[in-house]
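Chemist: This is the structure I want to talk about, given as structure tokens.
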Amino acid sequence: MRIHITYTGGTIGMIDSPNGLVPGADTKGWLFRLLEDAHMDSSLFTFTELDPLIDSSNATPDNWQTMIDDLNAHRDDADAFVVLHGTDTMSYSSAALSYALTDFGKPVIFTGSQHPLGKIESDATANVTGALNAAMSERMHGVGLFFGHHLFAGNRVSKSSSWAFEGFSAPATGPLARTGTPWHWYVPDASGEGWHDPKPYQRHDVAVIDMAPGITAARLEAMLSPRPEAVLLRAYGVGNVPSNEPGLTDVIADTLRDGVPVVIASQCQQAEVLLGHYETGDAVARAGATGSGDMTLEATYAKIMFLLSQGVEGRDFADWMTRSIAGEISPASAL
């Protein structure tokens with residue numbers, strides 16, 4: 001099996017500098033030594049190092065598109081793909097690529113590490129070999145993320161720890177597989193409707209705002225002035241906002257009347273947004289806000305950015321937010 005590896009940067013290939021960790025390790029050399037030590041035929045592997053390499057905290061939708069372009073450029077040259085990526089925004093990138101690559105037809109596995117590959121305590125080797133095994137398993141379809149002995153759907157996962165080797169989790173669905181002798185595989189969610197011939201990702205002005213006790217209508221209005229292209233409002237529980245705060249829900253309603261889509265997510269890692277289930281979520285539901293179902297924050301944000309990049313707006317935007325493109329939302333949650 002031919003494998004293509006796209007290296008984007010991240011902790012896995014960083015070295016010490018006077019200003020902290022920065023990209024700079026010989027990641028390609030380390031990787032091919034790893035393959036030789038495992039008695040794998042290195043001639044079956046190709047490698048792209050993106051320029052510039054970045055700390056994933058600096059990632060933007062432009063970087064998502066650069067990854068997509070590299071994968072598409074090597075699509076006919078490989079049977080499976082691995083993306084080496086920083087952990088901070090890896091779950092945003094894996095979700096974003098899941099929407100854009102529904103017609104790709106070959107597995108793409110993201111991975112990285114909590115420690116640089118040059119550290120004796122590093123988890124780089126375990127994660128890269130796990131990602132390679134997942135890519136070559138012939139059981140993985142679409143975009144996945146391997147980390148800390150677990151394989152996840154790329155649009156169902158969140159970074160849950162900045163220090164633990166099991167640094168990612170999928171709160172709504174659990175993993176697709178976990179390592180062992182043998183690996184244990186679990187039943188995946190439905191794949192979704194797909195998206196044919198997607199347009200490239202572009203940057204869009206999306207406001208991400210957290211509710212907090214005591215937030216006022218004036219503060220929320222200030223955050224939404226001038227109006228963004230879309231709003232992702234992280235509410236409480238199943239999508240509740242402070243209904244007793246004078247004028248707060250009116251700000252949300254006015255934003256919607258101005259043609260700006262408002263998507264309500266939950267601050268809970270494990271949640272299903274049910275607008276109108278409580279009185280505190282009913283006003284925004286009646287105003288036309290859209291709930292995120294059981295999607296992660298990362299999958300929701302990347303989906304908003306994807307739909308805006310496709311030119312989707314109005315009722316079609318709200319409709320697509322509740323429909324599964326690549327398995328990012330459970331069918332029952334989308335009702």
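Chemist: Among the residues of the stretch 311-335, what is the count of those that are in contact (Cβ under 8 Å) with a residue 40 or more places away in the chain, open to solvent by 20 Å² or more (accessible area, probe 1.4 Å) and over 18 Å from Tyr92 (Cα atoms)?
Modeler: The total comes to 8.
Chemist: May I pose another question? Every residue in the stretch 284-335 that is farther than 29 Å from Pro107 by Cβ and touching an Asp or Glu at 6+ places or on another chain (Cβ under 6 Å), please.
Modeler: Selection gives nothing.
Chemist: Give the residues of the stretch 45-58 that are touching a strand residue (DSSP E or B) at 6+ places or on another chain (Cβ under 8 Å) and either touching a residue at least 60 places away in the same chain (Cβ under 8 Å) or not in a strand (DSSP E or B) (or both), sorted by residue number.
Modeler: Residues satisfying the conditions are Asp55, Ser56.
Chemist: Under the condition of being touching a residue at least 40 places away in the same chain (Cβ under 8 Å) and more than 26 Å from the chain's Cα centre (by Cα), which residue from the stretch 1-39 is nearest to Leu117 (Cα to Cα)? Show your work before the answer.
Modeler: Residues of the stretch 1-39 that are touching a residue at least 40 places away in the same chain (Cβ under 8 Å), as a first pass: 1-15, 21, 25, 27, 30-31, 34, 38.
Checking which are more than 26 Å from the chain's Cα centre (by Cα) leaves us with 1, 30, 34, 38.
Working: Met1: 25, Trp30: 8, Leu34: 11, Ala38: 17 Å.
Here the residue is Trp30.
Chemist: Could you tell me which residue of the stretch 158-176 is farthest from Asp294 (Cα to Cα), considering only residues that are open to solvent by less than 20 Å² (accessible area, probe 1.4 Å) and in a strand (DSSP E or B)?
Modeler: Phe168
Per-residue answers, yes or no, for (1) of a type in the set (S, T, N, Q); (2) crowded, with 24+ Cβ neighbours inside 10 Å; (3) part of a strand (DSSP E or B); (4) at pLDDT 95 or above:
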| site | (1), (2), (3), (4) |
| --- | --- |
| Lys106 | no, no, no, yes |
| His141 | no, no, no, no |
| Leu151 | no, yes, yes, yes |
| Arg156 | no, yes, no, yes |
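This table checks each residue for (1) in contact (Cβ under 8 Å) with a residue 60 or more places away in the chain; (2) surrounded by fewer than 13 Cβ atoms within 10 Å (Cβ to Cβ).
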{"site": "Leu145", "(1), (2)": "no, no"}
{"site": "Gly148", "(1), (2)": "no, no"}
{"site": "Trp183", "(1), (2)": "no, no"}
{"site": "Asp197", "(1), (2)": "yes, yes"}
{"site": "His204", "(1), (2)": "yes, no"}
{"site": "Ile209", "(1), (2)": "no, no"}
{"site": "Ala212", "(1), (2)": "no, yes"}
{"site": "Ala218", "(1), (2)": "no, yes"}
{"site": "Glu221", "(1), (2)": "no, no"}
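Chemist: Which of the residues belonging to the stretch 57-72 are open to solvent by less than 20 Å² (accessible area, probe 1.4 Å) and farther than 22 Å from Ile3 by Cβ?
Modeler: Restricting attention to the stretch 57-72, the residues satisfying the condition of being open to solvent by less than 20 Å² (accessible area, probe 1.4 Å) are 61, 64, 67-68, 70-71.
Selection gives Pro61 alone.
Chemist: Could you tell me which numbered condition Asn244 fails, if it satisfies all but one of (1) part of a loop (DSSP other than H, G, I, E, B); (2) touching a residue at least 60 places away in the same chain (Cβ under 8 Å); (3) surrounded by fewer than 24 Cβ atoms within 10 Å (Cβ to Cβ)?
Modeler: Failing condition for Asn244: (2).
Chemist: Can you give me the number of residues within the stretch 272-283 that are small (Gly, Ala, Ser), in contact (Cβ under 8 Å) with a residue 24 or more places away in the chain and in contact with an Asp or Glu (Cβ under 7 Å, 6 or more places away or on another chain)?
Modeler: So the first thing to find is which residues in the stretch 272-283 are small (Gly, Ala, Ser), and the list is 276, 281, 283.
Within this subset, residues satisfying the condition of being in contact (Cβ under 8 Å) with a residue 24 or more places away in the chain are 281, 283.
Of the ones still in play, those that are also in contact with an Asp or Glu (Cβ under 7 Å, 6 or more places away or on another chain) are none.
So the answer is 0.
Chemist: Another one. Just checking, which of Asp62, Asp76 is within 30 Å of Gln202 (Cβ to Cβ), outside any strand (DSSP E or B) and either in contact with a strand residue (DSSP E or B) (Cβ under 6 Å, 6 or more places away or on another chain) or touching a residue at least 60 places away in the same chain (Cβ under 8 Å) (or both)?
Modeler: Numbers: Asp76 fails: either in contact with a strand residue (DSSP E or B) (Cβ under 6 Å, 6 or more places away or on another chain) or touching a residue at least 60 places away in the same chain (Cβ under 8 Å) (or both).
Result: Asp62 is the single residue among Asp62, Asp76 that is within 30 Å of Gln202 (Cβ to Cβ), outside any strand (DSSP E or B) and either in contact with a strand residue (DSSP E or B) (Cβ under 6 Å, 6 or more places away or on another chain) or touching a residue at least 60 places away in the same chain (Cβ under 8 Å) (or both).
The values are calculated or read from the model by the stated rules, or taken from the named source; none is laboratory data. Values in this document were obtained by computation on a predicted structure and should not be read as measured data. Cβ: placed from backbone, ideal geometry, glycine included. Neighbour counts: every protein chain shown. Heads up: the accessible areas ignore ligands, DNA and RNA and are worked out on the full protein's heavy atoms, side chains in. Shrake-Rupley method; radii C 1.70, N 1.55, O 1.52, S 1.80 Å.
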